[in-house]
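See below for the structure under consideration.
The values are calculated or read from the model by the stated rules, or taken from the named source; none is laboratory data. Please read all numbers here as calculations on a predicted model, not as lab measurements. With ideal geometry, Cβ positions are generated from the backbone for all residues, glycine too; neighbour counts draw on all protein chains shown. These accessible areas exclude ligands, DNA and RNA; they are computed on the full protein's heavy atoms, side chains included. Shrake-Rupley method; radii C 1.70, N 1.55, O 1.52, S 1.80 Å.
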Amino acid sequence: MAKKIGTGTYLLEHAPSAAAYAAIVGQMEGEGPLGACFDYVEQDSYFGKDSWEQAESELQRRTVGTALQKAELTAQDIDLILAGDLINQCTGTTYGLRGMGIPLLGLYGACSTMAEGLALGSILMDSGIARHIVAATSSHFSTAERQFRFPLSYGGQRTPTAQWTCTASGAVVLAPCQNAPYLRAVTIGRIVDYGITDANNMGAAMAPAAADTILRFLADTGAFPKEFDAIVTGDLGLIGSKLLCEILQKEGVDIRKQHRDCGAMMFDPEQQDTHAGGSGCGCSASVLCGYFLPRIRTGELKNILFAATGALMSPTASQQGESIPGISHLIHISADKKGGN
C-alpha cells in the first residue's frame, strides 16, 4: 500500500511500471526539436473529422489505441482509464473513448492532467485493486483557442508571454511492477494563486504551484535536486520556467542544472514564432511519453521528477475579474524500483 509522508507525498510500495506509452502530435509539433520522438505526426489538423473538437477526440482515441497496441493489450484488458482534456465537460475524452468500453474516471487538472492521472493511477495500482490502468490526456490548438481566448478568425495579436497550445496527446499503460520506468512516489498538488489575471501569461500563474509541489516533495522525502537527472515541469514555458527557478532560489533550492520544461522543449521559438513556448494538456503528456520515458527505459536517465502544471482558469471567472489559480502534481519516475532517490 502507498505510504503517506509529509504534506501530500505518497511512497509507492510496489512501484508500478509504465509498461507502454505513446505520443501523437500535430504538424507544428512534429516540426519542432522533438519531432522524431513521437509515435506519429498528423499533418491534418482535423484528423480526418469535421470539426476541431472531433479532431481532438480522434487524437486521444488513436493515442490510447497505440499505447495499448505497444503493451500488447486490448481495451478489455484495462481495468480503468483516467483521462481528461481542456474542453468543457472533457469533450475530447468522452467522445474519443466512448467506444472502448473501459471504465472511466474523467479528470480535469488543466495542463496538469497527465500527472494527476499518473498519480491517481499509480496509487490505485499500488493498492492492488487493478492490474492495468491507462492515464491519458490531449489538447488541440484550435479547440483551446476557441474556448479560452479568441476565435481563430478574430486574428488577435499574441503577446510575448503567450504560449502556443499544443495539438498533442500522450497515454501511459500502468501495470504491476515489471520493468522500468517505475513510478516510485507522488506528491499531490495544492491550489496556489499568485494573483495573475492575464490568460496570456499562464506560465507565471503556474510557476508558484510548481515551486510549492517541488519544495514539498524534497522536504517530505529528504531528497536534493542533484539526486535527479531532470526535474521536469509541464508547460511553464520560457517565462514561467525562469520564475520557477527564481522562486526556488529564494527558498534556498537551486534546480537550474536539472530543470527541463516540456513547453520550452516542444518548439523552436526562433523558427516557429511560438513566443513563450508550448502549453496544453498534451504538451507535457507527449513530451513525457515521447522523450523522457524512453530514456528512462534505456537507462540514459535514472531518476526524474515529472511535475506537470495546470492553470485552473475559467473564461467565466476571468471575465468576472478573478485571478488564475495554479496547481502542480508530481511523480517520481525511476529506472530502479527500489533504493535511494
C-alpha center-to-center spacing [region 1-41, region 160-208] in angstrom: 11 Å
Potential extension, residue 105-residue 199 segment - 0.36 nm per residue separation minus Cα distance: 31.1 nm
Partner lysines for residue 242 [C-alpha distance under 16 Å; skip if fewer than 8 residues away on the same chain]: 250, 257
Order by protection proxy (mean Cβ within 10 Å, highest first), peptides 253-260, 169-176: 169-176, 253-260
Carbon/sulfur fraction of accessible area - region 49-136, other protein chains in place, 1.4 Å, %: 49 percent
Between region 265-322 and region 52-86, the Cα center-to-center distance that results, in Å: 19 Å
³J(HN,Hα), Karplus 6.51/-1.76/1.60, whole Hz, each residue of region 79-93, x for Gly, Pro: 6, 6, 10, 10, 8, x, 7, 9, 6, 3, 6, 6, 4, x, 6
Whole-Hz couplings from phi, Karplus 6.51/-1.76/1.60, listed for region 23-32; x for Gly and Pro: 9, 10, 9, x, 4, 5, 5, x, 7, x
Listed values [x] 60, 49, 36; [y] 58, 46, 42; [z] 54, 49, 36, entry calculated as Cα extents along the principal axes in Å: [z]
Computed helical MRE - 222 nm, the chain, DSSP H runs ≥ 4 contributing -39500 (n - 2.57), nearest 500: -9500 deg cm²/dmol
Highest to lowest packing among 7-14, 286-293, scored as the average C-beta count within 10 Å: 286-293, 7-14
Karplus (6.51, -1.76, 1.60) ³J(HN,Hα), θ = phi - 60°, over region 166-175, in Hz, Gly and Pro reported as x: 6, 8, 6, 8, x, 9, 10, 9, 8, 9
Mean Cβ neighbour count within 10 Å, used as a protection proxy, ranking 178-190, 57-69 highest first: 57-69, 178-190
Total formal charge among the other residues, if their Cβ is under 12 angstrom from that of residue 266, Lys/Arg +1 and Asp/Glu -1: -4
Fully extended contour minus Cα-Cα distance, from residue 88 to residue 76, at 0.36 nm per residue: 1.5 nm
Accessible area of the chain divided out per residue, in Å², using a probe of 1.4 angstrom: 39 Å²
FRET efficiency, 1/(1 + (r/R0)^6) with R0 35 Å, evaluated for residue 251 and residue 1 via beta carbons: 0.65
